[in-house]
Amino acid sequence: MSEIVEVRNVSKHFGDFAALDDVSFNISPGSIVGLIGPNGAGKTTTLKSILGLTSFDGEMSVLGEDPRSGRHKIMERVCFIADVGVLPRWLRVSDALDYIQGVHPRFNRVRAEVMLAETKISKRSKVKELSKGMVTQLHLALVMAIEVDLLVLDEPTLGLDILFRKAFYERLLNDYFDNETSIIISTHQVEEIESLLTHLLFINGGRIVLDCPMDEIDEIYSEVLVPPNKLQQANALSPIHSRDILGQKAMIFENVPREQLTNLGELHAPSVADLFVAKMHR
Amino acid sequence: MNQLSILIRREFWENRNTFVLLPAITTGFLLLMMLLTLLVSATSSVDLNVEIQSSQDMEFLNDSMQADNIYAFALYQLEGRSTEERVQYINTGLQALGGPLMGILWFVMVFYLLDSLYSDRRDRSIFFWKSMPVSDAMTVISKLVTGLWLVPLVYLLGVALLQLAAMVMLSIATLGTEISMVETVWGPASLLSNWIQYLGALLFYSLWALPFFGWLIAVSAYAKSVPLVWVVGVPLAMTVVERVVVDQPLFASWMWDHMIPISFLNIEQSVAGNIVNLLLSLQMLSAVVVGGVLIAIAIWLRGKADEI
C-alpha cells in the first residue's frame, strides 16, 4: 500500500523567517508518528500544511490530494485535534453532534454518544461552559467516532493535567488505533508518547533532524555509561552527546558498531527523550 | 443539499440572538403596544398610529388629536372614502408597520455577513470548521443564503404577523359600529398580495445589492482587524479619488446606488412588470456580475485563510 502522506521539499517562509526549510518525509499506513521538537520548531506549521490549513512551497500529497486545493476532500479521511481547544465557544454539545452527522459521511454518532456518556459532559452544555479538559474530551469523542485513515494531533494534551493526559493516550491507543489508521502526534513532551510510537520525526528550526522507525533506533543509536578512565577512548568515537551521571558520562553514539562500544562501559538503547536532547544540541 | 441545510442551521445556532430573538422581541413589543392602544383607547398617540403617520398631513393629525381611539379614528377615516383611497390608505399603513423590523433587519444582515468569515479566524474555531469535509465555496454560499434570504424571511414573518394583528384589531374596532368589516378593512387590504410583493422585493434586493453584500463577505474573509474600517474606508476612498481624477461620480454613484438599505427599496419596483424590466437592465446585470466576482474572491480568500 502506498504512503498516506508524502512530503517533498516543503518550505514555508514568514518574511525572512523560515518556518519550514526543505522538509521531506513520509507517513506509512498503520504507523504512529511522533513529530517532536521544541517550541517554534515548525511542528504546527508542518501539521497545518498537511491539513491544507496553510499555504507552503514544495510538493505534498495527502491521500493522493494536494492539500492546498483538496482540503475538503482530504478532510473526509483525516481528522484533526489542535493544540488548544478550537471548538467554538457558543456551540452546544448536541448541536456539535448534529453538525458533524450532517457534514461528515464517516461519522458514527452512536459511538460518539457512548464515549460522551462515559464523561461528565452534558449534551445540553455549550463549549464555553466546559473546562479545558472536558473540551478536549469532547473533541476527542467527536473525532474518534469518525472513521478515518489519518488522525492529526497537534499537542493534543497541552495544558491538561497528568490524569487527563494518561487517559487521553490510553483511550487513543485502545479504542482507536487499529493498524489501519495512521496517527501523527506533535508534542514536546516526549516521555509521554514514547511507548506509543512506531516512528520518530525530530524537527528543529524548520528542518527534519531525525526520521527513523522506532525499531531501528537501537540499531543506530547506543548510549554508553563511560567511566572516567575510558573517556579519551570514548571521545575518539565522536559521541553525538554526553552528559554527567553520578561521576560517569552517559554518551550517545550514532552508527557506531556495538563491538566497539561494549568494552567502554554499560551499553543500552537511549531513551527518546535523551536522543531528542542529543539531536537538538547538534 | 443536505450539507447546505446543516450549514444553515449552524448559522442560526451561532446567531440565534439576532436571527430569532431580536425579531421576536421587536414583534412582540410592537404587538403589545398595538394591543395596549386598543385596550386603553389611547388618546392621540400619533407615533403608534401608523395609519395617520402615513396619511395626509396636519389637518389629519389635528383630527387624530381629538379622536380618543386611534382604531376608531382610522376607521372613521376609511369610512366614506373611495375604494382606491382605502386601498392606498390601508396598504401604506401596513407597509409602515414593517418599518422598524426592516430597519433592524438591514443592520443584522450587514453585521452578520461582515462577521461571518472573520470571527472564527479570531477565536481559532476556523480550524474546527476547516477540519470538516466542507468546501470553502459551500461555506461561503451557506452564509450568503442565510444572510440574504433566510434571515430576511424570519423578519418578514414578524412583519406579516404585525400586519395580520393590525387587521384583526381594526376588525375588532368595527364591532358595535355600522362599519362593514369586510368592505372597509379586509377588502382593500390585500394582505396576501402585499406579502408576495415583499418576497419579490426581497429577491430583487438580494440581487440588486449583491455587490454590497459580496463586498462585505470578501472583507470579512480578508480583514485581519476591524473589518468595518475596510468596508466603509475603501468605497469612501474610491469616491474621493474618482471625484479628484475624473470629476464625475460615475462609478461612485453606481456603487452607492447598490448600497441602499433594504427599507429604502421602493416596494413598487417589485411589481411584476417593473421587476422584469429591471432584472434585464444593465444596472442589474452589472450588479450581479460584480457581486459574483466579489463572492468568488471571498471563496478564494477563505481557502487561504489562517488564524489571525
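The values are calculated or read from the model by the stated rules, or taken from the named source; none is laboratory data. What you are looking at is a predicted structure, and each value in this text was computed from that prediction instead of being measured. Reconstructed Cβ throughout: ideal geometry from the backbone, glycine too, with neighbour counts over all protein chains shown.
Points to keep in mind about this one:
- In segment A:114-131, the residue that is surrounded by the fewest Cβ atoms within 10 Å (Cβ to Cβ) out of those that are closer than 18 Å to A:ASN174 by Cα and touching a residue at least 24 places away in the same chain (Cβ under 8 Å) is A:MET115.
- Taking the criterion of being away from chain A (no Cβ under 11 Å) and under 15 Å from B:MET109 (Cβ atoms), the residues of segment B:12-25 that qualify are B:THR18, B:PHE19, B:VAL20, B:LEU22, B:PRO23.
- Meets criteria (surrounded by 23 or more Cβ atoms within 10 Å (Cβ to Cβ), closer than 14 Å to A:GLY206 by Cα and either in the same structural domain as A:SER195 (by TED's automatic domain parsing) or more than 14 Å from the chain's Cα centre (by Cα) (or both)) for A:GLY52: no
- Restricting attention to segment A:250-282 and to residues that are under 17 Å from A:LEU225 (Cβ atoms) and β-branched (Val, Ile, Thr), the residue that is surrounded by the fewest Cβ atoms within 10 Å (Cβ to Cβ) turns out to be A:THR262.
- A search for C-beta distances below 6 Å between a residue of segment B:181-198 that is free of Cβ contacts under 8 Å to residues at least 60 places away in the same chain and aromatic (Phe, Trp, Tyr) and any residue that is buried (at least 16 other Cβ atoms within 10 Å of the Cβ) and assigned to a helix (DSSP H, G or I), counting only pairs 6+ apart in sequence or on different chains, returns B:TRP195/B:ALA160.
- Residue match in segment A:62-70 (condition: surrounded by fewer than 18 Cβ atoms within 10 Å (Cβ to Cβ), among the polar types (S, T, N, Q) and farther than 29 Å from A:ASP178 by Cβ): yes
- The test for being touching a residue at least 60 places away in the same chain (Cβ under 8 Å), surrounded by fewer than 21 Cβ atoms within 10 Å (Cβ to Cβ) and within 13 Å of the chain's Cα centre (by Cα) holds for A:PRO38.
- Residue check, A:MET134 in contact with a Lys or Arg (Cβ under 9 Å, 6 or more places away or on another chain), buried (at least 16 other Cβ atoms within 10 Å of the Cβ), farther than 21 Å from B:ASP136 by Cα and without any contact (Cβ under 8 Å) to a residue 24 or more places away in the chain: yes
- Checking segment B:153-168 against the condition returns no match, with no residue being crowded, with 17+ Cβ neighbours inside 10 Å, within 14 Å of chain A (Cβ to nearest Cβ) and closer than 23 Å to B:LEU210 by Cα.
- Candidate set from segment A:223-249 (those that are part of a strand (DSSP E or B) and without any contact (Cβ under 8 Å) to a residue 40 or more places away in the chain); member that is surrounded by the most Cβ atoms within 10 Å (Cβ to Cβ): A:VAL226
- Selection within segment B:113-145 - part of a loop (DSSP other than H, G, I, E, B) and either facing another protein chain (nearest Cβ under 9 Å) or at pLDDT below 95 (or both): B:ASP123, B:ARG124, B:SER125, B:SER131, B:MET132, B:PRO133, B:VAL134, B:SER135
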